[in-house]
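Coordinate-derived values only; no laboratory data. Here the structure is a predicted model, which is why all the values come from computation and not from measurement. In this analysis, Cβ positions are derived from the backbone assuming ideal geometry, glycine residues included, and neighbour counts consider all displayed protein chains.
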Amino acid sequence: MTNAQVTALQYGFIGFLAVWATILVPQLVLQFARHGRPQLRGLATTAAVVFYACMALAVVFLPLPGPHSRRLEQTVQLQPFQWIADIHTELVKHGLSAADWFTTQTFQQAAMNVLLFVPLGFFARVLWRRGLVGALAIGFAASLAVEITQLTANFGTAPFVYRIFDVDDLMTNTFGSGLGWLAGALLLALRPISSTLRVEPARSERIDLAKTR
């Protein structure tokens, strides 16, 4: 992990604390008004969603380019599965064997793109009760929004385009949301099984000695 990525994660965590602190008070007020006490499950769910959103946005958009940052030579990549060819190029460049493909920066970046959207697919299944198609649609729409924002230099707020619009990112992000949906579906499928395996406490029966005679 680079220093820039560490810095982005730090800003993301700070953003999470700020956003969650802002949401926490009105959420507690509503919970006390409806239930008379805090609902820990609701608080934890809100915290998880806000934490994921802040960290994901930080990873995607930070750090912002500085005045001396280099401009990209390519800002759009529309060739599907270009990352596979890039892995081969990286292996040749560094004199690595084909067995070292998983150590390349290209593969690690693709894997990170997949993992980045796994929580989104998980939330789509567990929290929002969406089907697989719905989760894939949410993942694709979110990824497309990110790519468009990057292509437009954050809608003109950045000095220039500093991230590539990559069709492979759309594919890997959407695939990640599908994996997250499967993980959520598996969790929900195992929950009834675990609930039926509860051990009933042994009940002591009272014996009337007079009736045994």
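Simple rule: put +1 on each Lys or Arg Cβ and -1 on each Asp or Glu Cβ in the chain, find the dipole, and look at A185, L30, Q5; the Cα lying farthest toward the positive end is L30.
Shape analysis of the chain places it in the prolate category; the axes a ≥ b ≥ c from the Cα gyration tensor give an a/c of at least 1.5, with a/b above b/c. Computed from the C-beta positions of Q5 and A98, the FRET efficiency with R₀ = 30 Å rounds to 0.65.
With a Förster radius of 35 Å applied to the beta-carbon distance between I84 and A48, the computed FRET efficiency rounds to 0.55. Can you give me the Cα centroid spacing of the range 54-73 and the range 154-186 in angstrom? For the range 54-73 versus the range 154-186, the Cα centre distance is 15 Å.
Each label point is 7 Å from the Cα along the Cα-to-Cβ direction; what then is the distance between the points at L190 and A21, in nm? Going from the L190 label point to the A21 one covers 3.7 nm. GNM, the chain, Cα, under 10 Å: largest mean-square fluctuation among A153, A58, A98? Looking only at A153, A58, A98, the biggest GNM fluctuation is shown by A98. Each of L57 and R70 was given a label point 7 Å from its Cα along the Cα-to-Cβ line. The distance between the two points is 3.0 nm. Comparing F123, F155, F51 in a Gaussian network model of the chain, where Cα atoms under 10 Å apart are tied by springs, the biggest mean-square fluctuation is seen for F155.
Would you calculate the volume per residue, in Å³, of the smallest convex hull containing every Cα atom of the range 1-127?
164 Å³
With 0.36 nm allotted per residue and the present C-alpha distance subtracted, the I14-L127 stretch has 38.2 nm of extension available.
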